1. Can you tell me which residue within the range 507-556, out of those that are assigned to a strand (DSSP E or B) and basic (K, R), is farthest from V476 (Cα to Cα)?
2. Within the range 167-185, identify whether any single residue is hydroxyl-bearing (S, T, Y), in a strand (DSSP E or B) and under 30 Å from Y448 (Cα atoms), and answer yes or no.
3. For the range 163-175, enumerate the residues that are in contact with a strand residue (DSSP E or B) (Cβ under 8 Å, 6 or more places away or on another chain) and either loosely packed, with under 13 Cβ neighbours inside 10 Å or closer than 24 Å to A207 by Cβ (or both).
4. Just to be sure I understand, how many residues within the range 437-465 are over 26 Å from I202 (Cβ atoms) and aliphatic (A, V, I, L, M)?
5. Got a number for residues in the range 426-481 being of a type in the set (D, E) and in a helix (DSSP H, G or I)?
6. So which residues in the range 506-527 are touching an Asp or Glu at 6+ places or on another chain (Cβ under 9 Å) and either surrounded by 24 or more Cβ atoms within 10 Å (Cβ to Cβ) or farther than 21 Å from E418 by Cα (or both), if there are any at all?
7. Checking the conditions here, which among R484, R458 is out of contact with any helix residue (DSSP H, G or I) (no Cβ under 7 Å at 6 or more places or on another chain) and either not assigned by TED's automatic domain parsing to the domain that holds V533 or not aromatic (F, W, Y) (or both)?
8. Of the residues that sit in the range 328-349 and are modelled with pLDDT under 95 and either touching a His at 6+ places or on another chain (Cβ under 6 Å) or of a type outside the set (S, T, N, Q) (or both), which one is surrounded by the fewest Cβ atoms within 10 Å (Cβ to Cβ)?
Amino acid sequence: MYKYYKSKHITFYKDKLSKKRIVSIGILLSIIFFALILRYSYICMYRGDKLAAMAQSQYCYEENIENLNYRVFDTNGKELIEHYFKYYAVIDPMFYLKYNSNKNADEIKDIKRALIKCNADYKLPDEINNVCIKNKIYYEIDENTYKKIINISGLERIKGFYVYRNSIAKSDKAWNIINMLTRKFDSRTGKPKKQYCLEMYIEDKVAKNKFTEIKIMNDIYNDKYNNKIVMPSDNINVKLTLDKNIQDSIKRIISNKKYDKYEEISVVLMEAKTGKIKALTQRDDSKPNLNLGVASNHGYFPGSIFKVIVEEAGLDLGIISKHDVYEYTDAKSRSSEKKNMTVEKAFITSSNDVFYQIGEEVGFDNIYRYAYKQGLLNTVLNLYDEQNGNFEVIENNITVDQVRQAAIGQKIRITPVEALSIPSTVVNNGIYVRPYIIEGFVDSNNNYIEKEHSIKRRVMKKSTAKILKEQMQQVVNSHFGTGRNAKISGINMGGKTGTTEYYEIDDHNKRQKYSDGWFVGFFEHNKKIYSMVVLVRKININTEEASNTAVPIFKEIVEELIKSKYV
């Protein structure tokens, strides 16, 4: 009896416990079900559109349509990078095979015909044995094929297929200043450029930029095929000091056929007061950049333009005065009779005889110091391939002859962009203004995010600069000045000529004598003073010099810029 009662009591207790569990589970399931209903309602009411878009994006293809993730503008906001286009046909094999039920549809046949006509190897997935369905297939097509395909009737019905156009920055003009700035790899080694250079400074600034994309929407349920260009709104872009109008105008002048006889011509133009480079160009951009001395050994011999530095040092230190008289031998006279000439006239007529003597008096150390202070021995823009100037003398054993040769610019090499400081320091009253080419960084609307500035420092007395400015004006205005062919009526201008002689090994492994023509000058227009350097490489050593090569080009450029109202 007791056992029966105990057994019955246990059974009753178990039944009661089971009922409680069932009720608990039922309540829990009800709560879960109710929560799911609430979640479903929330999704339908508040997140339905977003999730639908996410689902649709499974069939949205994205492609970068530019190979640079930033733009380069001139000082006026004009695009400076030249582009060309590449065209692509793209197939998603899995999507194409799964959702195109009729592979013989007219529009698919039209696609196949267009692709085969472009390239016999271009086939769609249903024509390829053992096609890999995991990776998209890219075919580079020509412009005509691209146009044919986008005009095919029923193109929107083809699933997993699309075409797009990619904008590529031109790189054929490898040594154009824009291409140099935007190229982050060493053209010789293919490795990234050193971190300290200007190009990598730009790369660091734009590192977080996004690329412009095209989004292709391919709807599997409706015959829709939509393209949308997505341009990043918060990218950082580069704004240069260059003026495209000035740059292009100078390029046209020096590219004239009448200058074909010269190996190369380079021109660099700068606002003297600000240091902003307005143009930096040369005839042939497929050759290493001449303005930066890229293919040279520390630049080029400057010749007599370096006499500006020598006289500055002598005047500034009180070693000479412009009225000091020196003996010289007239190179044009058959007589060996000595004549007298002042420092001032020696500068205007570019007398080597007199400047040999001035160089000795001023001394190499002083000449070196004034060249260094004006940036002639350091890179200016800090570009990766840019060369820096250098004296070709034996340190700690400098001979008198080396000093004499240095005084006339035959024992130092500099680049044209370094030479900008020669006229600009003079017209800036003795203040060196370092040239620069990046004006700042801007947003997509050309609003400044960050501005760049030049470096300025006094390197000589104002009185010294005044004397040199007057003499440089006389080089142009005087009837015996070597730069008189640059004279333009009504324009305040001045400069200094330089004609060099040097030897190089030619293609036949023979030592040949060559000559270059320089003109470094300034001109004033609309209350602004501009400095400009013209270098003409390998002029006729027997019949030509700076006065009939670089000087007339300088004049032609100034006249054109004033006429076009670009300055």
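1. R511
2. The answer is yes; a qualifying residue exists.
3. Once the filter is applied, which keeps residues that are in contact with a strand residue (DSSP E or B) (Cβ under 8 Å, 6 or more places away or on another chain) and either loosely packed, with under 13 Cβ neighbours inside 10 Å or closer than 24 Å to A207 by Cβ (or both), the range 163-175 yields N166, S167, I168, A169, K170.
4. Going through the range 437-465 one residue at a time, the tally reaches 3.
5. Final tally of qualifying residues: 1.
6. Scanning the range 506-527 gives R511, Q512, K513, Y514, D516, G517.
7. R458
8. K332
The values are calculated or read from the model by the stated rules, or taken from the named source; none is laboratory data. Small disclaimer: the values here were computed from a predicted structure and weren't measured. Every residue, glycine among them, receives a Cβ derived from its backbone with ideal geometry; neighbour counts consider all protein chains shown.
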